[in-house]
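The values are calculated or read from the model by the stated rules, or taken from the named source; none is laboratory data. For clarity, every value in this text was computed on a predicted model and none was experimentally measured. In this analysis, Cβ positions are derived from the backbone assuming ideal geometry, glycine residues included, and neighbour counts consider all displayed protein chains.
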Amino acid sequence: MHQLIREMFHKAFGSSPDAHDSAVLKIPQNKIAFTTDSFVVRPLFFPGGDIGSLSIHGTVNDLAMSGAEPLWLTASFIIEEGLPMETLWKIVSSMARAAESAKVKIVTGDTKVVERGHGDGIYINTAGVGVLHHDLHIHPHSVRAGDIILLSGDVGRHGMAVMSSRESLEFETTIQSDSAPVAAPVLDLLKAGLNLHCLRDCTRGGLITTLNEIASSANLSFEIHESAIPIQPEVQGACEMLGLDPFYVANEGAFVIFVAEKEAKLALEILKSHIQTAQACQIGQVLEDGVAPVLIKNTLGTRRIAPVLSGEQLPRIC
Amino acid sequence: MKYQDEYREKDSVQAYAHALSKITTQPWKIMEVCGGQTHSIVKYGIDELLPPQIELLHGPGCPVCVTPIEYIDKAISIAKNNPKVIFCSFGDMLRVPGTDEDLYAAKAKGADVRVVYSPLDAVDIARKNPNREVVFFAVGFETTAPANAMAVDQAYKEKLKNFSLLVSHVLVPPALEALLGSPSNSIQGFLAAGHVCTIMGTNEYLPISEKYKVPIVVTGFEPLDILQGVYMLIQQLEEGRHNVENQYERCVKSQGNLPAQNKIRQVFQVIPRTWRGLGEIPQSGFRLNSLYEKYDAENKFGPVANPIKENSLCHIGEVLQGQIKPHQCPSFGKLCTPENPLGATMVSNEGACAAYFHYRSHS
């Protein structure tokens, strides 16, 4: 185990000369953001990412959604006995690359090995600390009627990439996960002095679930324009074939931004200047009240409710 | 996306809606047979685009919804009581409530229940797990029957002994006859299910249309398909005609898919079937024929029990026959929700109650 830690984790993530039972870090004067997430994805490798990069992006993005600059992460591994060392190396290297590109440091961690059959190869937990350079309350409670709802990019890619990889569904083109760190564009929005009301990444349950969570918490109603939401044709095609709604499919990079109408244009310009949010667009607006938390205006011009689904989406029979 | 966007295009849809309002002179009640069409109608608000005289009744064409409760119970019992069994099913069967629980709950309690995307995936699981018994839940209409028949035939050719089907297959035309023959029938025309007709063709609807003097338009699933189908149907009704017409020509040929039909005939035989909410309908379903009977899960794990009574608070029968709209059921949205469904129509991707719950205001 010591050898594993020394030769793999320290090598990949770096080590401090005064390494001990905990990392000792100097906290800046400002407020900090602190979050944790566990990653149990199957398969471990999928087009556009793997459990390692996902475990970094997920936590970095959760920090970014508070408008925090991500600084430090922890990484804990629960490894199933028999996981090939080569696989672990690939995952750890991917984490190191992801951490570097997200400009965060993995400062402490833990490793446990469980008996064969007691885990899906590997589970990873990461926790993260970020620092806030602003006094905004980026939260659903700050959302106001009239706010513009922006979306950072196309939706549905991560869920469909993982599903097609897990179920060996073969499509003509490979759907790549959108897994990416998004702190940089968020920090740029803040640097420009924009008064961001709310940010949230559209992970589990996808775009519509995320919007419902915010709308319910804010006690407001959102109207979304279906035709404004970008979806890659291959994602749309795969969803149509399986009877899934891409608006409920998980993302790992896409996030929503709520800003006052007068700030929406500048916010979009800044987002579009970053590669990971180049497809950012306006998808809707916050209403004073409505018959449901989230309403979708579809391509035909009619409106319908877009509720939270009970449980995960299941592929239909025909 | 090609073959999709053009059928969801606002101007074309509105042009048909406008044309419909011009030709409709009196009230008409028409039924869309398929649950996929119901979902499209409710999701896109197509009923709101129609002239007020046209009422759409939602039909029984949801394979998950009409699978009898005793078959769900049998599926759960096979999965739970036989540790060697890998029970395979299409995804949307897992949440359908049986008497006490659903297949999801059985899975959570340790039963090996797996979602597959094709019955041939279940054959593959059987091939790779010779020491396990693989059972596939073969439900659905004529649409899914060819693939299920192919799976059994594949297992037969490979002499796989550890594969079987729990069969609850039903057929559309006998159900239409049952609806039309009911004394309370108010249906004046049908939008028939495009994908069923892709397999079976349109000819088997000719005698029904003739006998009951009812127009039938084979219709697709996109908004423009449905509006065009409604237009063709109303045109017939207004002109006093009752023909079988085909709106879904890009997929459906009058003779259907002959190799698929041959495969169905090779493997299945027609029998009376009980439909959840509708009761027994003569000659309305399939079972495996004698050549393939050793692949019948009922032969391996015992027969399905006698019909079980539905929860009296669930009005699934009236919903599936178009006699009430989902929100007119007293339990809708109160005692019955997707989290705690009383009936299958509240959980299926093609169930009318689920469509109303998801896309409409509950008040």
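Might you let me know whether the stretch A:155-169 holds any residue that is assigned by TED's automatic domain parsing to the domain that holds A:Leu207, free of Cβ contacts under 8 Å to residues at least 60 places away in the same chain and among the polar types (S, T, N, Q)? Checking the stretch A:155-169: at least one residue is assigned by TED's automatic domain parsing to the domain that holds A:Leu207, free of Cβ contacts under 8 Å to residues at least 60 places away in the same chain and among the polar types (S, T, N, Q).
Considering only the stretch A:208-228, I want to know if a residue exists there that is of a type in the set (Val, Ile, Thr) and without any contact (Cβ under 8 Å) to a residue 12 or more places away in the chain. No: zero hits.
Any idea which residue in the stretch B:1-26 is nearest to the other protein chains (Cβ to nearest Cβ), counting only those that are under 30 Å from B:Leu171 (Cα atoms) and touching an Asp or Glu at 6+ places or on another chain (Cβ under 7 Å)? It would help to see each step written out before you state the result.
In the first step, residues of the stretch B:1-26 are kept if they are under 30 Å from B:Leu171 (Cα atoms); the result is B:3-4, B:7-8.
Subsequent filtering for residues that are touching an Asp or Glu at 6+ places or on another chain (Cβ under 7 Å) retains B:4, B:7-8.
On the way: B:Gln4: 7, B:Tyr7: 10, B:Arg8: 5 Å.
This residue is B:Arg8.
Looking at the structure I just gave you, is B:Gly317 surrounded by 19 or more Cβ atoms within 10 Å (Cβ to Cβ) and in contact (Cβ under 8 Å) with a residue 24 or more places away in the chain? Judged against the criteria, B:Gly317 is not a match. Note on the stretch A:281-313: residues that are in contact (Cβ under 8 Å) with a residue 60 or more places away in the chain and not hydrophobic (A, V, I, L, M, F, W, C) amount to 13. Residues of the stretch A:83-108 that are part of a strand (DSSP E or B) and surrounded by fewer than 19 Cβ atoms within 10 Å (Cβ to Cβ): A:Lys105 alone.
Restricting attention to the stretch B:61-91 and to residues that are within 14 Å of chain A (Cβ to nearest Cβ) and in a loop (DSSP other than H, G, I, E, B), the residue that is farthest from the chain's Cα centre (by Cα) turns out to be B:Phe90.
If only residues of the stretch B:126-146 that are surrounded by fewer than 18 Cβ atoms within 10 Å (Cβ to Cβ) and in a helix (DSSP H, G or I) are counted, the one that is nearest to the other protein chains (Cβ to nearest Cβ) is B:Lys128. Residues of the stretch B:204-222 being buried (at least 17 other Cβ atoms within 10 Å of the Cβ) and either at pLDDT below 95 or in a loop (DSSP other than H, G, I, E, B) (or both), which ones? Across the stretch B:204-222, the qualifying residues are B:Val214, B:Pro215, B:Gly220, B:Phe221, B:Glu222. B:Gln53 falls short on exactly one of the conditions (1) within 11 Å of another protein chain (Cβ to nearest Cβ); (2) over 25 Å from A:Leu295 (Cβ atoms); (3) in contact (Cβ under 8 Å) with a residue 24 or more places away in the chain, and that condition is (1).
Residue selection: B:Thr99 fails the criterion of being over 26 Å from the mean Cα position of the chain (by Cα), more than 14 Å from chain A (Cβ to nearest Cβ) and either part of a helix (DSSP H, G or I) or among the hydroxyl-bearing types (Ser, Thr, Tyr) (or both). Considering (1) in a helix (DSSP H, G or I); (2) more than 10 Å from chain A (Cβ to nearest Cβ), the lone condition that B:Val42 does not fulfil carries the number (2).
Taking the criterion of being over 19 Å from A:Gln232 (Cβ atoms) and out of contact with any helix residue (DSSP H, G or I) (no Cβ under 8 Å at 6 or more places or on another chain), the residues of the stretch A:268-284 that qualify are A:Leu268, A:Glu269.
Scanning the stretch A:286-310 for residues being closer than 17 Å to B:Tyr359 by Cα, assigned to a loop (DSSP other than H, G, I, E, B) and more than 7 Å from chain B (Cβ to nearest Cβ) gives a total of 5. Among the residues of the stretch A:175-199, just one is of a type in the set (S, T, N, Q) and over 18 Å from the mean Cα position of the chain (by Cα), namely A:Asn195. Would you point out the residue of the stretch B:83-132, among those that are β-branched (Val, Ile, Thr) and closer than 22 Å to B:Thr143 by Cβ, that is modelled with the highest pLDDT? That would be B:Val123. Residues that are in a loop (DSSP other than H, G, I, E, B) and within 24 Å of the chain's Cα centre (by Cα) do not occur anywhere in the stretch A:264-271.
Restricting attention to the stretch B:330-363, which residues are of a type in the set (S, T, N, Q) and within 11 Å of chain A (Cβ to nearest Cβ)?
Result: B:Thr337, B:Asn340, B:Ser348, B:Asn349, B:Ser361, B:Ser363.
Among all residues of the stretch B:104-112, there is at least one that is among the hydrophobic types (A, V, I, L, M, F, W, C), farther than 29 Å from B:Ile199 by Cα and touching a helix residue (DSSP H, G or I) at 6+ places or on another chain (Cβ under 6 Å). Say we look at the stretch A:17-66 and pick out the residues that are out of contact with any Leu (no Cβ under 9 Å at 6 or more places or on another chain) and of a type in the set (D, E, K, R); which of these is nearest to A:His197 (Cα to Cα)? Step by step, filter the stretch A:17-66, then rank; the result is A:Asp62. Would you check if A:Gln279 is part of a helix (DSSP H, G or I), over 16 Å from A:Ile148 (Cβ atoms), of a type outside the set (Phe, Trp, Tyr) and in contact with a Pro (Cβ under 8 Å, 6 or more places away or on another chain)? Criteria not met by A:Gln279.
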